[in-house]
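J.: Sharing a structure with you now.
Nothing in this text is a laboratory measurement; each read-out follows from the coordinates by a stated rule. The shown structure was predicted, so the numbers you read here are calculated from the model rather than taken from an experiment. Backbone-built Cβ (ideal geometry, glycine too); neighbour counts: all protein chains shown.
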Amino acid sequence: MTPALAILRRECLRLLRRSSQLVQPLIFFSLIAILFPFALGQQTELLRQTGPAAVWLSVLLATTLSLEDIFRSDFEDGSLEQCIITLDALPLACAMKSLAHWLTCLVPLIGMALLMSFVYDLTPDARRALISALLLGTPVFSLVGTVASALTVGVRGGALLMALLILPLYIPVLIFGASAVHHATLGLPTLGEHYFLAGLAVLAATLAPFATAAGLRARLS
Amino acid sequence: MFKTLHKYASPMHFFALARALTPWLFGISLVLFGVGLVWGLFLAPADYQQGESFRIIYVHVPSAWLSMFAYLVMAGGGALSLVWKIKLGDVIARAAAPLGASFTALALVTGALWGKPMWGTWWVWDARLTSELLLLFLYLGYLALQSAIEDRRAAARAGAVLAVVGIVNIPIIHYSVVWWSTLHQPATITKMGAPTMATSMLIPLLIMAFAFQLFFLALLLVRARCEILEFEQRAQWVKTLLGASDQSRGTR
């Protein structure tokens, strides 16, 4: 097994074994998503229009809260420092951290978003666009989120700080993701938005692991 | 040339240089402010469409330029510190951040003041306004990170990474906001300013831009000196400097 795969396996196992960490973002996500009808009113037509935005915002907030855990336990037991000292390919390890976070946190969230798309009664086209846009856009959430998580590792009151750091950086994904679903609802092509989201994901995948590694070195050396 | 550059990258020499330059920068910027304000607010002709209220551009446009320039300075300082391990980069980045945030806020406030009589509303979700607002949040995030990490050096290093991440993201955020606002906005809102500007209005604007730029540099140097003293408080030259000023105060 190559080191990268070993790190990925370890990360996934670590996250999967703590079931509360796995479940809580999902509960939080559903809770936020069902708050919107209470604020907006229960007209089906209105909810069908605002549903995609509600789902995107809920994914955004649930992700923000989950980011703190990426490095916390490694930092607390000291293994993070050992990683920084011993690993040659720290950016690769950081990329695996992001991938593990995406697999264990965001993929379940996307499943939950599918459920919510039925609650909001989206059209089949809109539902397809929502899920595909989420699949392309959420890797950016994980990758950029890992950078912010590295920068705030070991800082007290990190969740609020995290939101402040990360939410402005998520706006491009939110714009393209929400507009893809909006266009699908109107029956317009959504290929452009999907290309943009894929481009952002590729850009984040190339740059974010290096920024994460630099961030970890900056925090812990 | 590299020798001189290298010399002034050391905090001690930079401190002396900054102290020598600050009065000059303040002085020249004050003179330019005087000339530019009088020219812009009283002598330049009123705009034939916007009347007298166009004159706010003499504050608004230079602050908007500086809000972006300060972020460049901040990220440049961060890159200096990350890539070449030059400590002065941390000092510059930390000194530039609150200034940049203030100029961004000034640009937003003056923009809103101008928008009320022109557009009839304090705020529109125009692409430039929105990205300026997001820029303010990027600054605030940097400042929050600085205040959350207690150790000054560690905070500066983390901030350097954040500033560089931010500078990569600013064009992405800006162009996605442009894309978003052209989709969702009716195209009835006229953007500020004509593409060409009469020379009689442009010259005071350029003078004001220079005045703002020099004022920013002067403030940057003052703040950088303060940061250097705090960063280097254990260094011998700082102790000597502070001890000497204590003594001279004591004998007076």
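J.: Just A:176, A:29, A:118 to compare: in a GNM of chain A, with alpha carbon springs under 10 Å, which one fluctuates most?
T.: In this elastic network of chain A, the residue with the biggest mean-square fluctuation among A:176, A:29, A:118 is A:118.
J.: Hey, what did segment B:1-158 get for relative contact order, percent, Cα under 8 Å, at least 6 apart?
T.: Normalised by residue count, the contact order of segment B:1-158 is 19 percent.
J.: About the Cα centre, and with charges only on the beta carbon of Lys, Arg (+1) and Asp, Glu (-1), how big is the dipole of segment B:45-116? Nearest 20 debye, please.
T.: Working: 5 positive and 3 negative charges, 58 e Å.
Computed about the Cα centre, the dipole is about 280 debye.
J.: May I pose another question? Taking the Cα atoms only, what angle lies between the long axis of helix B:57-84 and the longest principal axis of chain B, rounded to 10 degrees?
T.: Tilt of helix B:57-84: around 40 degrees.
J.: To continue, here is another question. Sequence gap at least 6, Cα distance under 8 Å: using those rules, report the relative contact order of segment B:79-163 to the nearest whole percent. Please list the in-between numbers first.
T.: Working: 63 pairs, mean separation 30.0, N = 85.
Taking the mean separation of contacting Cα pairs over the length of segment B:79-163, I get 35 percent.
J.: Projected onto the charge dipole of segment B:16-105 (+1 at Lys/Arg Cβ, -1 at Asp/Glu Cβ, origin at the Cα centre), which of B:74, B:17, B:33 gives the Cα projection farthest towards the positive end?
T.: Most positive-ward Cα: B:17.
J.: Let me ask something else about it. Work out, step by step, the length gained on full extension between residue B:109 and residue B:43: first 0.36 nm times the residue separation, then minus their alpha carbon distance; give nm to one decimal.
T.: Once the chain is fully extended between residue B:109 and residue B:43, it gains 21.3 nm.
J.: When the scattering of chain A is computed by the Debye formula from its Cα atoms alone, each counted once and equally, what is log10 I(q)/I(0) at q = 0.07, 0.10, 0.16 Å⁻¹?
T.: Values returned for q = 0.07, 0.10, 0.16 Å⁻¹ are -0.22, -0.45, -1.05.
J.: Taking only complete DSSP H runs, can you tell me which helices of chain A stretch 15 Å or more along their own long axis by Cα positions and average at least 1.6 on the Kyte-Doolittle scale?
T.: A:19-40, A:107-119, A:158-185
J.: Per-residue mean of other chain beta-carbon atoms within 10 angstrom of the beta-carbon, peptide B:164-172?
T.: If you average over the peptide's residues, the count of other-chain Cβ atoms is 5.
J.: Residue separation times 0.36 nm, minus the C-alpha to C-alpha distance between residue B:53 and residue B:150: what's the value?
T.: Full-extension gain reported as 30.4 nm.
J.: Here's something else I'd like to know. Can you compute the modelled spin-label distance between residue B:9 and residue B:21, with each label point 7 Å from Cα toward Cβ, in nm?
T.: Going by the 7 Å Cα→Cβ label model, 1.6 nm.
J.: Rounded, prolate or oblate: which fits chain B, taking a ≥ b ≥ c as square roots of the Cα gyration tensor eigenvalues, rounded meaning a/c under 1.5, else prolate when a/b beats b/c?
T.: Since a/c reaches 1.5 but b/c is at least a/b, the shape of chain B is classed as oblate.
J.: Provide the convex hull volume over Cα atoms per residue for segment A:26-81, in Å³.
T.: For segment A:26-81, the hull spanned by Cα atoms encloses 70 Å³ per residue.
J.: Given the DSSP H assignment, sum -39500 (n - 2.57) over each helix run of at least 4 residues in chain A and divide by its residue total; what's the result at 222 nm in deg cm²/dmol, nearest 500?
T.: It lands at -28500 deg cm²/dmol.
J.: Let's test the formula: R0 of 35 Å, r as the Cβ-Cβ distance of residue B:65 and residue A:77. What FRET efficiency results, to the nearest 0.05?
T.: On the way: r = 49 Å, r/R0 = 1.39.
So the FRET efficiency works out to roughly 0.10.
J.: For chain B, with a Gaussian network of springs between Cα atoms less than 10 Å apart, report the residue from B:101, B:235, B:156 with the top mean-square fluctuation.
T.: Result: B:235 has the largest fluctuation of those listed.
J.: Helix B:87-119: angle to the longest alpha-carbon principal axis of chain B, degrees 0 to 90, nearest 10?
T.: Orientation of helix B:87-119: about 20 degrees from the principal axis.
J.: Something else now. Treating only the Cβ of Lys, Arg, Asp and Glu as charged (+1, +1, -1, -1), what charge dipole size does segment B:1-143 show about its Cα centre? Round to the nearest 20 debye.
T.: In debye, rounded to 20, segment B:1-143 gives about 660.
J.: Under 8 Å for C-alpha pairs, at least 6 residues apart: give me the relative contact order for segment A:3-219, rounded to a whole percent.
T.: 28
J.: Per 20 Å bin, what is the whole-percent P(r) computed from every C-alpha pair distance within the protein assembly as shown?
T.: 21, 48, 28, 4, 0
J.: So, with +1 on the Cβ of K and R and -1 on the Cβ of D and E, and no other charges, what is the size of the charge dipole of segment A:3-219 about its Cα centre, to the nearest 20 debye?
T.: That gives a dipole near 220 debye.
J.: At a Förster distance of 41 Å, what's the computed FRET efficiency of residue A:35 paired with residue A:2, Cβ-Cβ distance as r, to 0.05?
T.: The value I calculate is 0.40.
J.: Then there is this: How many nm separate the modelled label positions at residue A:88 and residue B:237, each set 7 Å beyond the Cα in the direction of the Cβ?
T.: About 4.1 nm, to one decimal.
J.: Listing B:128, B:234, B:223, A:10 from the residue with the fewest other Cβ atoms within 10 Å to the one with the most, what is the order?
T.: Lowest to highest Cβ neighbour count: B:234, A:10, B:128, B:223.
J.: Same structure again: Only Cα pairs within less than 10 Å get springs; with that Gaussian network setup on chain A, which residue of A:11, A:45, A:193 has the largest fluctuation?
T.: Its mean-square fluctuation being the largest, the pick is A:45.
J.: Which of A:91, A:60, A:40 sits closest to the plus end of the dipole of segment A:3-219, meaning its Cα is farthest towards the positive end, when Lys and Arg get +1 and Asp and Glu get -1 on the C-beta?
T.: A:91
J.: Please give the calculated 222 nm ellipticity per residue for chain B, where each DSSP H segment of at least 4 residues contributes -39500 (n - 2.57) and the sum is spread over every residue; nearest 500 deg cm²/dmol?
T.: Working: 8 runs with 201 residues, N = 252.
For chain B, the value works out to -28500 deg cm²/dmol.
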